[in-house]
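To start, the structure itself, in structure tokens.
The values are calculated or read from the model by the stated rules, or taken from the named source; none is laboratory data. Only a predicted model underlies this, so the values are computations on that prediction, with no experimental measurement involved. For neighbour counting, all protein chains shown are included, and Cβ atoms are generated from backbone atoms with ideal geometry for every residue, glycine included.
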Amino acid sequence: MSPRRFEHILRVSGTAQEIAKNLGCSLEKVRLAALGHDLARQWDGSKYIQYLEARGFSIRYEFRERPILLHGPVAAQILKEEYRIHDEDILEAVQHHTLGKPGMGLVGRILYVADYVEPGRKYIDQGFYQQILAESSIHGMVLGVIEHARSRGKTVSGQALDMEQEARNAYTDSTKTQVSYETQAI
């Protein structure tokens, strides 16, 4: 692993742990997921496909076209096989940290956000980083990340679009609940 990749992993871990503290999520799970998320990131593209097919996984067309997107599923499999990590929250987070997934748990959403906003990213300024970390809801953070990616002209995956809709619905519901509580307090 290159020093640059290792530094990225450490920044993701720090960012993820900061978010986890604010949201009351397990720091240990978030730290393990962050430390393992890019274990296979520097592999050659064809190696991802070979690794997964040798274990009985079928590879969809879009991943054959962009095999780098398989680094999460490969890293999750390495964590399971070589490091004997079987916690589903951690494995799900690592597997889906790049594209997201609707229904993904809190550890996964935290890793998804932290990987995007870690302070070493050239496309993230301090203001946006602070804005995301100040958000009190993981759903608001997810929405902010997806909107930011879209504003940079990035294509948002179908999985991320589904996760965006899910986050939008949950964020709207939590905002209504908050407003309702505030109204009752008056």
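Return the pairs, sorted by first residue and then second, in which the second residue is of a type outside the set (A, V, I, L, M) and crowded, with 20+ Cβ neighbours inside 10 Å, the first residue lies in segment 12-26 and is closer than 16 Å to VAL94 by Cα, the beta carbons are less than 7 Å apart, and the residues are 6+ apart or on different chains.
VAL12/HIS37; VAL12/ASP115; VAL12/GLU118; THR15/GLU118
If I ask for residues that are under 15 Å from HIS96 (Cβ atoms) and of a type in the set (Val, Ile, Thr), which ones from segment 2-54 would you list?
VAL12, VAL30
In segment 10-44, what residues are part of a loop (DSSP other than H, G, I, E, B), under 23 Å from VAL74 (Cα atoms), more than 14 Å from the chain's Cα centre (by Cα) and not hydrophobic (A, V, I, L, M, F, W, C)?
So the first thing to find is which residues in segment 10-44 are part of a loop (DSSP other than H, G, I, E, B), and the list is 24-26, 37-44.
Then drop every residue that is not under 23 Å from VAL74 (Cα atoms), which leaves 37-44.
Checking which are more than 14 Å from the chain's Cα centre (by Cα) leaves us with 39-44.
Within segment 10-44, ARG41, GLN42, ASP44 meet the criteria.
Please go through segment 27-70 and pick out each residue that is at pLDDT 95 or above and touching a helix residue (DSSP H, G or I) at 6+ places or on another chain (Cβ under 7 Å).
LEU27, LYS29, VAL30, ARG31, LEU32, ALA33, ALA34, LEU35, GLY36, HIS37
Which of the residues spanning segment 121-139 are out of contact with any Leu (no Cβ under 9 Å at 6 or more places or on another chain), touching a residue at least 12 places away in the same chain (Cβ under 8 Å) and under 21 Å from LEU27 (Cβ atoms)?
TYR129, ILE132, LEU133, HIS139
Could you identify the single residue in ALA149, ALA76 that is modelled with pLDDT of 95 or more and surrounded by 15 or more Cβ atoms within 10 Å (Cβ to Cβ)? Step through it out loud before you land on a result.
Values: ALA149 fails: modelled with pLDDT of 95 or more.
The match here is ALA76.
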